[in-house]
Amino acid sequence: MKKIYDLVFLGRLAPEKRLDVLIDIAKYAKKNGRNIRIAVMGDGPSKKWFLKKISQNKMQQIISYLGKSKKPDNIIQKSKLLILPSENEGLPLVILEASEYNIPAVIANFPGAKNLITHNKTGWIVDQYKKFPAAVLHILEKSNDMERVGKTAHKLFKNRYTEKNIQKFVD
């Protein structure tokens, strides 16, 4: 499937999700002459603030707000990377959804992040929010790495999060 988005963010639009990082990535890319596309899907209390920031910074050509969807698979498949700059997460199922399509994740170093992602093997962990823009653009330049990491994440999550294994936690 043709990749039309470089990054995809799926989730609740709330302060703890650090949507400001998406704006920073867009600004950094524009400043450095990089043409990237970011898809954002979700809804929440920060929606108005986020849409206003996109407009104020003239990022409509870079960031596409696609609203809320119960079936985001089509957009995930059309993206190169999942981005999750959240301050905290439980078990972000969106990482599992993306790995189903060999889409690797770039995530913040929230508590438990290293339980989900092995840096540069099944995704990437960014230690500081200010480093996200440069880190993401660097990763996007390495298409072979993205493909390798996406396939490794797919294999790992497919084996670790089978219905049988998940049922063990439920029982």
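One table, with the values for the structure above:
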quantity	calculated
Mean shadow area of segment 121-161 over all directions, Cα convex hull, nm²	3.2 nm²
Fraction of accessible area attributable to carbon and sulfur, the chain (%, probe 1.4 Å)	49 percent
Within the chain, helix-based [θ] at 222 nm, where runs of 4 or more DSSP H residues each add -39,500 (n - 2.57), nearest 500	-12500 deg cm²/dmol
Exposure rank, largest accessible area first [H154, H119; 1.4 Å]	H119, H154
Per residue accessible area in Å² of segment 71-171, where ligands, DNA and RNA are left out and the probe is 1.4 Å	55 Å²
Cα→Cβ-extended label distance, 7 Å offset, between T118 and N74, nm	3.6 nm
Debye intensity ratio I(q)/I(0), log10, the chain, q values 0.08, 0.15, 0.18, 0.19 Å⁻¹ (C-alpha model)	-0.22, -0.79, -1.17, -1.31
Order by protection proxy (mean Cβ within 10 Å, highest first), peptides 123-136, 55-68, 140-153, 8-21	8-21, 123-136, 140-153, 55-68
Modelled FRET efficiency - R0 35 Å, K58 with K142, Cβ distances, 0.05 increments	0.80
Where labels lie 7 Å past Cα in the beta-carbon direction, separation of D127 and Y101 in nm	3.2 nm
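The values are calculated or read from the model by the stated rules, or taken from the named source; none is laboratory data. Quick caveat: nothing in here was measured; it's all calculated off a predicted structure. All Cβ positions, even for glycine, are placed from backbone atoms using ideal geometry, and neighbour counts span all protein chains on display. Ligands, DNA and RNA are stripped out before the accessible areas are found, and what is left, the full protein with its side chains, is counted by its heavy atoms. Shrake-Rupley method; radii C 1.70, N 1.55, O 1.52, S 1.80 Å.
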